[in-house]
Structure formats: structure tokens, C-alpha cells
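Just below is one structure, and these are the notes that go with it.
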Amino acid sequence: MKNNNNLVLFSGRSSTVLAENIAYNLGIPLGKANNKPFPNGEMSIKIDTNVRNKDVFIINSICRLQNPNT
């Protein structure tokens with residue numbers, strides 16, 4: 001298997017299961033990030049994982065969540 005030490009994978013709110021499966025198959029943990037909605041519906045995202053000199057991938061769909069309270 002290829003060395004995946006340089007990869008960091010994050011999940012958006014709509015694709016958590018997909019991102020977890022991809023991370024599992026790559027043998028890496030998901031990156032840590034906190035999502036918090038602003039009152040206007042936009043999202044604030046704080047990345048808690050070091051991504052310096054890493055290849056970063058974000059798994060997320062572009063559709064709106066059906067239930068944004070999840």
C-alpha cells in the first residue's frame with residue numbers, strides 16, 4: 001500500500017459516512033474540524049488538525065441538507 005502519511009481527509013456534514021469509509025480504506029483517520037452555523041445559514045469551520053505540507057481533501061456534497069439541524 002502507498003504511504004498515506006501526507007494525506008489529511010476532512011468530512012463535510014453531508015458526507016460523513018462516505019468520508020469515514022474512504023479514510024478507513026486509506027488507513028488514515030479523518031481530520032478533526034468543528035462546524036458551527038452562523039445565524040445567516042453560512043458555516044464557520046475551525047480545523048483542529050495540522051495541515052501544513054499535507055495533501056488535504058474535503059469530502060462534501062454541494063447540495064443543501066434536508067434537515068440542517070442534524
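The values are calculated or read from the model by the stated rules, or taken from the named source; none is laboratory data. Quick caveat, the model's predicted, so the values are computed rather than measured. Glycine gets a Cβ as well: all are built from the backbone with ideal geometry, and neighbour counts include every protein chain shown. Accessible surface is based on the protein model in full, side chains and every heavy atom, while ligands, DNA and RNA are left aside. Shrake-Rupley method; radii C 1.70, N 1.55, O 1.52, S 1.80 Å.
Quick notes
- For the stretch 17-36, taking the residues that are touching a strand residue (DSSP E or B) at 6+ places or on another chain (Cβ under 6 Å) and not aliphatic (A, V, I, L, M), the one that is most open to solvent (accessible area, probe 1.4 Å) is identified as Lys36.
- Test: residue in the stretch 2-16 that is open to solvent by 100 Å² or more (accessible area, probe 1.4 Å) and at pLDDT 90 or above: no
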